[in-house]
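Here is the structure we will look at, set down as structure tokens.
The values are calculated or read from the model by the stated rules, or taken from the named source; none is laboratory data. All of these numbers come straight from a predicted model, not from anything done at the bench. For neighbour counting, all protein chains shown are included, and Cβ atoms are generated from backbone atoms with ideal geometry for every residue, glycine included. What goes into the accessible areas is simple: the full protein's heavy atoms, side chains included, and nothing from ligands, DNA or RNA. Shrake-Rupley method; radii C 1.70, N 1.55, O 1.52, S 1.80 Å.
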Amino acid sequence: MGKLVIKASREIIGHGNKPIPKLHIRNSLKNMYGQYCYSHKIFINPSQCKKMSVFVGVIIHEYTHHIQKGLKQNYDGSVKKYGYYDCPFEVEANENAKKYKKKVWKKVKQELS
């Protein structure tokens, strides 16, 4: 299911010439829904995602990090400057999750039928 969400996200949001990220399940992420690794990996903790809408939103959020320009070089400094929740990288990822969740889920359901 997660791979279909990534595929739909890629088609709807774009990819900036980045490779398709690998999806990994990680129930050991303490108090975290997901995480992006700079080596093109998205980790998701399904035990935190009690609803499908949360699962889809988390993948879109982490996928957004995957395609953000300058993330690797600027993320830590941005979090220090603005705080986690006001960090521009996090703000954009949260906005994309809200903006694209319904569109991505609709495309995933079409793929499944």
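Return the carbon/sulfur percentage of the accessible area of the chain, one whole number, probe 1.4 Å, all protein chains in place.
C and S fraction of accessible area: 52 percent.
Using the alpha carbons of the chain, what is the convex hull volume per residue in cubic angstrom, as a whole number?
Per-residue hull volume (Cα only) is 99 Å³.
Over the chain, give the accessible area per residue in Å² for a 1.4 Å probe, as an integer.
63
If you take the Cα atoms of the stretch 1-44, find Rg, then find the Kirkwood Rh from the mean of 1/r over all pairs, what is Rg/Rh?
That ratio is 0.99, to two decimals.
Restricting to the chain, what percent of DSSP beta bridges are antiparallel, rounded to 5?
Taking every DSSP beta bridge with both residues in the chain, the antiparallel ones total about 50 percent.
Ordered by packing density, taken as the mean number of other Cβ atoms within 10 Å over each peptide's residues, highest first, how do 61-70, 88-97, 18-27, 102-111 rank?
Sorting 61-70, 88-97, 18-27, 102-111 by mean packing, highest first, produces 61-70, 88-97, 102-111, 18-27.
Which of Lys81/Lys102; Lys30/Lys109; Lys3/Lys103; Lys80/Lys101; Lys18/Lys102 have a Cα-Cα distance over 25 Å?
Listed pairs above 25 Å: Lys81/Lys102; Lys30/Lys109; Lys80/Lys101.
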